[in-house]
Amino acid sequence: MSAKIRMLFVLMLTVLFLSGGTKKTSFTEGSHPGDYAPEIKITGSSRTIRFANPSGRYTLVNFWATYDAASRVRNIQLYEKVNRMDSACIRMYSISMDENYSVYTGTLDIDNLRGASQLHEVKGVRSLLYRQYNLKKGFRNFLVDDHGVIVATGVHSEDLDALQKL
């Protein structure tokens, strides 16, 4: 076999080998629309939130902190909107990234926020959750479908009206 033929043969085998793994693509876990939403494990809690559910319900995950005024206002608006919506359509988890628990609970009292959907990540910006959801560019939220796929980020309360029409 000549060197050219051997080189061509090796090249064809390499292409064949590399293309074998690309026939089936799959979602990856991440923080962008189209990614699977990472499951949520709150530090110091046994609670884990997984997003895939057979009910067809969307999940809104909103990250906020008391020291970030815009995220705090958005949290109140989203909380009020979701509480007026059909619970079969959407569920919301509101996650505070405040490290100080008393600041977190005091803010919940002032903002009149209640319920099991209010969560507190004690490690705040030092948490794995902060890194998984790429929050270094600012607190935001993620709308996740019943398959666990992020379908939107940066959702505002008026955006949720479209879900009620589905």
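Packing here is the average count of other Cβ atoms within 10 Å per residue, and on that basis the peptides 49-61, 109-121, highest first, run 49-61, 109-121.
Legend: calculated FRET efficiency, V151 to V125, from the Cβ-Cβ distance at R0 = 30 Å, rounded to 0.05, equals 0.70. Rolling a 1.4 Å probe over the protein heavy atoms gives the range 59-102 an accessible area of 44 Å² per residue. Local charge for A116 was computed over the other residues whose Cβ lies under 13 Å away, with Lys and Arg +1 and Asp and Glu -1, and equals +3. Partner aspartates and glutamates whose Cα lies under 13 Å from the Cα of K81, excluding those fewer than 8 positions away in the same chain, are identified as E158, D159, D161. Each Lys or Arg adds one and each Asp or Glu subtracts one; over the other residues with Cβ under 12 Å from the Cβ of E39, this totals +2. Overall, the accessible surface of the range 96-162 at a probe of 1.4 angstrom is composed of carbon and sulfur to the extent of 52 percent.
The values are calculated or read from the model by the stated rules, or taken from the named source; none is laboratory data. Just so it is clear, the model here is predicted, and its values are computed rather than measured. Using ideal geometry, Cβ is built from the backbone for each residue, glycine included, and neighbour counts are taken over all protein chains shown. Please note that ligands, DNA and RNA were not included when accessible areas were found on the heavy atoms of the full protein model with its side chains. Shrake-Rupley method; radii C 1.70, N 1.55, O 1.52, S 1.80 Å.
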